[in-house]
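Data first, discussion second: the structure below is written as C-alpha cells.
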Amino acid sequence: MTIHAMNSNLSVPEQPAQRILECEKVNVFYGDYRAVTDVNMAFGQNEITALIGPSGCGKSTLLRSLNRMNDLIDGARTEGLVTLHGENLYDKEVDPIAVRRRIGMVFQKPNPFPKSIYDNIAYGPRVLGMKPSSMDDLVEETLTRAALWDEVKDKLKQSAFGLSGGQQQRLCIARTIAVQPEIILMDEPCSALDPIATSRIEDLMRELREDYTIVIVTHNMQQAARVADRTAFFTALQDETTGNRTGVLVEYDKTTKIFEDPSDQRTEDYISGRFG
Amino acid sequence: MSTLAPSRGSASGSTRGTGSLKTKISKPGERVVLIVLRLAAALTVVITIGIIVALLLPSIQFFAEVPIFEFLFGTRWAPRFADASFGVIPLVTATAWTTGIALLVAIPLGLGAAIFLSEYAHPNLRKTLKPILELLAGIPTVVFGLFALQFVQAVVFKQWLNLDTGAFSVLAAGVVMGVMIVPTIASISEDAMSAVPQSMRQGSAALGANRMQTTVKVVFPAALSGILAAIVLGISRGVGETMIVAMAAGGQAQIVTNPLDQGQTMTGFIANAALGDSRVGSIEYNTLFAVGLLLFVITLIINYISIRVVRKFREAY
C-alpha cells in the first residue's frame, strides 16, 4: 500500500522559508551510548515537521533535545548545535527553563496535572509570572483555541482526570499554548488515543500551524502524511566505532516527496511497510 | 485469515475442554493456611476490641464517681491528694505544648528532608540517606529522654542559653520529641512524593517551571494525602509519646502557660502513676484508665479530622 500525502500542499516551499530551529551535527548520548548521531536539519517556521522511523531510531531522543528535556535524564548529554533564531540552546549561559518557555512539549501519554481543568491551563501562566488582564479570559481563549472550550466550559472546576484520554491530550496541548511558546514539540501525541480522538488532534495541529511551529514524532506514517509539511525519516544504524545501534537521519524532505518519491531505498522500504 | 478455529473436542487427543469445572479448588494444606490467616486477622480485631473494653470498664466506674464535666473541664489535677480533684485540663495543656512544639520542629525539618530526598538529591545519595534516616526512627525513646533531660535542658537551655528554667521543661521534651518524629514524617512524605508520576514533573518542566515551582505546585499537592498522613502519624506519636515527657517534661500537673515551665502530660501521668500499687477498682486505678481513654479518643478525633481534610484537599492522580 502506498500512502499518499493528503495535504499535497503545493505551497510548501522546497526549503523552509524561515528556519526557526536548526540542528547542526547533533549527537545525543545516554552515558557512553550514542542514541543519535550527527543530525543536521532545519525546521521551518509555521510548518509541521514529522519525525518518523522504526523504534530505537532516536527520533524521540532528538525531539527531547530540542527543548533540553533530556537535561532531566541522568547521564544524558547533547553535543552539536541546536539553534533557535540562531541562538544556541546549549550555550553555557542559556537557562534550560527559559528554553522550555519558548519551546513547549506535549507527551505521548496525556499527563494533565491532578488539578481542575481551569488550574491546568492557568498553571503555566502563573508559574511564568504572566499577568493577563483576566485569567478567566486567558483560560477561555486558550481552551477555545484548543477546540476544547465547548466540551469543558461547564466543568472548569472539575478535575482534569475526569476527561477522556483525547480530551486530556487536547487539554495538555491547551496548557502548552497558554504560555505562548513559539514551537510545540509533540512526542507521539496520539499513540494512546482512538482514531476519532486522533483525528481531532490532527485537525487541531493543522489549525495551530497558523501561529506555531510544530515538530511531531509519530509511529503512524499515515499521520505524518496527513499533517506534516515536511517529514524526516530516521533509522538505526550500527555505530562504526562502538558497534552499538544509533539513530541517524536518512532523508528529510517535503512530505509529498518522502511518501511519493523517496530518494533513499531505506525510506521507500519503510514507508511501503517492508520493514520497521 | 485466522487459522484459530474454535476447538470442539476434536479427535486430535487434546485434553482441552475435558474435566468438570467443579473440581476442588483448595488442597488440605491451603485450607490450613487459610485458617491460620483468618485466625491472625480475627485475633487483631479481638485484641483491639479487648483493649477498648478494658479501657471502657474502669472508665465507666471512674465516671460514676467523678462527673465527666468535672473531669474534662476541671483545672486542678490532684488525684492522690486528700482533697482529690480530677480536672484533666493541666495534663491536656502539657500534652498540647509538647506535641505542638514537637510538630513545630518536626514538620519543617521532616518535609524539608523529604523534598530534598525526593526532588533534589541524586538517586545514589537518596539510596544512602534514606535508610540512615529510617534508622533514626529506631532509636529507643528512653535515649531521647535522657538526651532531652541531661543535654537539651541541663546544658543547652540552662548553661548555654542561660534560660530561666528549672530541671524540667515542656520545651526540652517537645523539641527532642520533634527530633524523634522527623524521620517518620520525612520518610512517609518522601514515599508519597516519590510516588508522584515522573510525567507530572516533565509536564511542569515543559511549561518552563523550575524545580521549586514543580515541587511546590505540582508534586506537593499531588502527594498531599500521603504528606498529611505522615503529619497525622507524627501528631499521634507526639500525643502518645511517653518516655521523653515522663523524663524531661516534669512531674507536676499544672496548667502550662510558659514552655519553659514543667508540666505533666497525660502519658506522663499514666507512666508515673501506674506503678502497680493502685488497688484494682480503686479510684486511682480507674483514673489511669479514664486518662487512657481520653488519649485514645483524642487520637481518634485527630485521625478522623485528617481523613476529612485529606478528602477535601487531595489532588488524586
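Distance cut-off 31 Å, Cα to Cα: go down the list A:K92/B:K130; A:K155/B:K127; A:K109/B:K217; A:K59/A:K153 and report the pairs above it.
A:K92/B:K130; A:K155/B:K127; A:K59/A:K153
With the Cα gyration tensor of chain A giving a ≥ b ≥ c as the square roots of its eigenvalues, does the rule (a/c under 1.5 for rounded; else a/b larger than b/c for prolate; else oblate) give rounded, prolate or oblate?
Because a/c hits 1.5 or more and a/b exceeds b/c, chain A counts as prolate.
Which whole-Hz couplings ³J(HN,Hα) result when phi for each residue of segment A:97-104 is put into the Karplus expression 6.51 cos²θ - 1.76 cosθ + 1.60, θ = phi - 60°, listed in order with x for Gly and Pro?
Those phi angles translate into 5, 5, 4, 6, 6, 8, 10, x Hz.
Return the residues of segment A:74-98 for which accessible area with all protein chains present is lower than in the chain on its own by 40 Å² or more; set the probe to 1.4 Å and exclude ligands, DNA and RNA.
Checking the loss per residue gives A:D74, A:I97.
Using a 10 Å cut-off on Cβ to Cβ distances, tally the other chain neighbours for every residue of A:111-117 and report the average as a whole number.
Averaged over the peptide's residues, the number is 6.
Taking H as built 1.01 Å from N, whose amide H comes closer than 5 Å to the amide H of A:L89, not counting residues under 5 places away?
Here A:V82, A:T83, A:L84 satisfy the definition.
Determine the gain in length on full extension of the stretch B:I301-B:N258; use 0.36 nm per residue of separation and subtract their C-alpha separation, reporting nm with one decimal.
Length gained, B:I301 through B:N258: 12.9 nm.
Nearest 10 degrees is fine. How inclined is helix A:135-145 to the longest principal axis of chain A, computing both from alpha carbons?
Helix A:135-145 sits at roughly 40 degrees to that axis.
Normalise the Debye intensity by I(0) for segment A:161-260, one equal point scatterer per Cα, no solvent, then take log10 at q = 0.17, 0.18, 0.21 Å⁻¹ and round to two decimals.
Summing over Cα pairs of segment A:161-260 leads to -0.84, -0.91, -1.11.
Taking each residue in B:195-206, count the Cβ atoms of any other chain within 10 Å of its Cβ, then average. What number comes out?
Average per residue, whole number: 6.
Arrange the residues B:F296, A:F43, B:F289, B:F144 by how much accessible surface each exposes, largest first, with a 1.4 angstrom probe.
B:F296, B:F289, B:F144, A:F43
Is the C-alpha gyration tensor of segment B:262-305 telling us rounded, prolate or oblate? Criteria: a/c under 1.5 is rounded; beyond that, a/b larger than b/c is prolate, otherwise oblate.
Taking the square roots of the gyration eigenvalues as a ≥ b ≥ c, segment B:262-305 is oblate.
What is the helix-to-structure angle for B:170-194, meaning the angle in degrees between its Cα long axis and the longest Cα principal axis of chain B, kept from 0 to 90 and rounded to the nearest 10?
Tilt of helix B:170-194: around 10 degrees.
Taking R0 as 56 Å, what's the FRET efficiency between A:R274 and A:T144 from their Cβ-Cβ distance, rounded to 0.05?
0.80
Return the loop-located GluC sites (Glu not before Pro) in segment A:153-262 (DSSP other than H, G, I, E, B) with at most 11 other Cβ atoms within 10 Å of their own Cβ; answer none if there are none.
A:E210, A:E240
Straight distance only, please: which aspartates and glutamates reach the Cα of A:K157 with their own Cα at less than 18 Å, same-chain residues fewer than 8 apart left out?
A:D119, A:D136, A:D137, A:E140, A:E141, B:E315
Between B:E284 and B:I139, take the C-beta separation as r, use R0 = 30 Å, and let me know the FRET efficiency to the nearest 0.05.
About 0.35, to the nearest 0.05.
Of B:W77, B:W97, B:W160, which has the most accessible area with a 1.4 Å probe, and how do the rest follow in descending order?
In descending accessible area the options line up as B:W160, B:W97, B:W77.
Tell me, what is the 1.4 Å probe accessible area of B:V45, in Å² to the nearest 10?
Its heavy atoms expose roughly 80 Å² to the probe.
For the pairing of chain B with chain A, what total accessible surface becomes buried, with a 1.4 angstrom probe, in square angstrom to the nearest 100?
1800 Å²
Would you mind pulling out the separation of the Cα centroids of segment B:25-88 and segment A:190-205, in Å?
60 Å
Would you mind computing, in nm to one decimal, how far apart the modelled labels at A:N88 and B:L21 are, each placed 7 Å from Cα along Cα→Cβ?
If labels sit at A:N88 and B:L21, their model points lie 6.9 nm apart.
For the residue pair A:K155 and A:I73, what label-to-label distance in nm results when each label sits 7 Å from Cα along the Cα-to-beta-carbon direction?
Once both label points are built, they end up 3.5 nm from each other.
Would you pull out the residues with amide H under 5 Å of A:V106's amide H, same chain only if 5 or more places away, H placed 1.01 Å from N?
Answer set, sorted by chain and number: A:L185, A:M186, A:D187.
What residue among A:I117, A:I214, A:I183 shows peak mean-square fluctuation when chain A is described by a Gaussian network model with Cα springs under 10 Å?
Residue with maximal mean-square fluctuation among A:I117, A:I214, A:I183: A:I117.
Could you report the protein assembly as shown's accessible area per residue, 1.4 Å probe, as an integer in Å²?
Dividing the accessible area of the protein assembly as shown by its residue count gives 50 Å².
Just the accessible area for A:T144, please: 1.4 Å probe, Å², rounded to the nearest 10?
Ignoring ligands and nucleic acids, A:T144 comes out at about 80 Å².
Can you tell me the relative contact order of segment A:38-133? Whole percent, Cα pairs under 8 Å, sequence separation 6 or more.
With pairs under 8 Å counted, the relative contact order is 16 percent.
Would you mind checking segment B:281-313 for residues with the amide N under 20 Å from a putative spin-label position 7 Å along Cα→C-beta of B:A54?
B:281-300
When averaged across all projection directions, what area in nm² does the alpha-carbon convex hull of the protein assembly as shown cover?
For the protein assembly as shown, the mean projected area of the Cα convex hull comes to 42.4 nm².
So what does A:Y33 come to for accessible area, using a 1.4 Å probe and Å² rounded to 10?
For A:Y33, solvent-accessible area is about 80 Å².
For B:L129, A:L148, what's the largest-to-smallest order of accessible area, 1.4 Å probe?
B:L129, A:L148
Quick check: residue separation of A:M135 and A:E14 times 0.36 nm, minus the Cα distance between them. What number comes out in nm?
That pair, A:M135 and A:E14, stretches by 39.4 nm at full extension.
What angle do you read, to the nearest 10 degrees and between 0 and 90, between the alpha-carbon axis of helix A:195-208 and the longest principal axis of chain A?
90 degrees
Picking from A:A50, A:A42, A:A228, which is most flexible by a Gaussian network model of chain A using Cα springs under 10 Å?
Per the Cα network of chain A with a 10 Å cutoff, A:A42 tops the list.
Any idea what the alpha-carbon Rg over 2.2 N^0.38 Å comes to for chain B?
Against the empirical 2.2 N^0.38 Å value, I get 1.39 for chain B.
The values are calculated or read from the model by the stated rules, or taken from the named source; none is laboratory data. Given the structure is predicted, the values throughout are model-derived calculations rather than measurements. Counting neighbours? That spans all protein chains shown, and the Cβs are built from the backbone with ideal geometry, glycine included. Just so you know, the surface numbers come from the protein's heavy atoms only, side chains and all, with ligands and any DNA or RNA stripped out. Shrake-Rupley method; radii C 1.70, N 1.55, O 1.52, S 1.80 Å.
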